[in-house]
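Below is one structure, written out as structure tokens; the observations come after it.
The values are calculated or read from the model by the stated rules, or taken from the named source; none is laboratory data. As the structure is a prediction and not an experimental result, all values here were calculated from the model. Cβ placement follows ideal geometry from the backbone for every residue including glycine, while neighbour counts extend to all protein chains displayed. Side chains are part of the model used for accessible areas, which takes the heavy atoms of the whole protein and leaves out ligands, DNA and RNA. Shrake-Rupley method; radii C 1.70, N 1.55, O 1.52, S 1.80 Å.
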Amino acid sequence: MKLLSYRGRDGLDRVGVVADGVVREVSPERAAGPAGLSPMRRLIAASGSPAGEVPLADGPGVPLDEVRVLPPVPDPTKIVAAPVNYVDHQAEMSQSVHVGSLGVFLKAPSSLIGAGDVVRLPYTDRRFDQEGELAVVIGRTARGVPAADALSHVFGYTCLLDITMRGGEDRSTRKSFDTFTPMGPWLVTPDEVGPLETLRLTCSVNGTLRQDADVRDLIWDVPALIEYVSSVMTLHPGDVISTGTPAGVGAINDGDSVTAAVTRVGELTVGVSAASAVTCPTLGAGAGPVPPAELTPVRARTAN
Ligand code: MN
């Protein structure tokens with residue numbers, strides 16, 4: 001099941017099920033719940049994990065290309081992200097450490113945008129990179145969850161772009177500018193995603209492939225991440241864990257189009273604009289982890 005957060009023609013935010021290019025609204029009663037939460041957060045809280053059947057509202061539905069797509073969870077209490085969680089990315093960044101010594105970091109939820117939206121680069125004089133990632137959406141409260149029980153806390157999976165300013169500022173600054181977390185287009189329930197170790201993650205910029213990796217090459221896989229993160233902080237329904245990016249990060253610039261895709265999960269495309277960029281007020285340029293200066297050509301592999 002593909003679950004979409006969207007804004008209807010009447011300006012109200014809804015959650016729906018996508019099939020064959022049509023969005024059918026989830027029964028509003030099912031998405032009822034605490035005021036102030038998005039319909040998706042309310043649906044997740046009401047459904048638990050796994051999601052099971054979701055009742056649909058009456059009516060024929062709306063073509064997908066006629067709705068404004070929102071981030072699948074527009075209002076998570078937090079976005080947790082893994083730094084350096086693929087060996088090949090560790091190598092390209094010349095890092096001696098990975099997630100196993102760094103732990104995780106937080107991205108501001110206010111940095112979220114949906115599929116088809118635009119990443120706004122804030123500065124004219126800094127480098128910004130794309131990082132394609134597989135993200136996990138939590139379905140029920142997780143605290144101190146062992147890896148063996150971790151996947152029963154997952155509501156679904158989605159694509160995420162961890163847009164990053166390179167340099168020496170703290171990660172929470174460099175990765176939390178408004179629009180720096182494109183997510184979507186929808187979330188897919190685990191029954192439809194199937195075995196995570198067979199997923200392939202790709203990321204392209206202007207149609208040129210930059211990243212192509214197998215999710216089984218994660219240093220800490222999804223259960224290990226949930227075990228670790230839930231040992232640090234309580235995960236609430238709708239919280240997001242982004243699993244990290246493989247090799248192939250590179251600069252993005254005004255006018256670019258960036259696409260992250262994961263097998264059986266979906267394809268997330270956003271634009272890039274530097275229209276409102278100004279001079280950077282902080283002095284981190286030239287410091288911090290060193291990204292590859294040049295893009296390494298990636299050849300598309302046969303899917304497996
Ligand atoms: Mn990342």
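Tallying residues that are at pLDDT 95 or above and open to solvent by less than 30 Å² (accessible area, probe 1.4 Å) within segment 1-14 yields 4. Has segment 125-139 got at least one residue that is open to solvent by less than 10 Å² (accessible area, probe 1.4 Å), touching a helix residue (DSSP H, G or I) at 6+ places or on another chain (Cβ under 8 Å) and of a type in the set (Gly, Ala, Ser)? Yes: segment 125-139 contains one or more residues that are open to solvent by less than 10 Å² (accessible area, probe 1.4 Å), touching a helix residue (DSSP H, G or I) at 6+ places or on another chain (Cβ under 8 Å) and of a type in the set (Gly, Ala, Ser). Of all residues in segment 209-254, those being within 16 Å of the chain's Cα centre (by Cα), within 16 Å of the ligand (Cβ to nearest atom) and in a helix (DSSP H, G or I) number 3. Within segment 160-176, if we keep just the residues that are open to solvent by 40 Å² or more (accessible area, probe 1.4 Å) and not in a helix (DSSP H, G or I), the residue that is farthest from Val222 (Cα to Cα) turns out to be Gly168. Are there any pairs, at least 6 apart or on different chains, whose C-beta atoms fall under 7 Å, with the first in segment 131-157 and within 16 Å of the ligand (Cβ to nearest atom) and the second among the charged types (D, E, K, R) and open to solvent by less than 10 Å² (accessible area, probe 1.4 Å), and if so, which? Hits for this filter: Glu131/Asp162; Glu133/Asp162.
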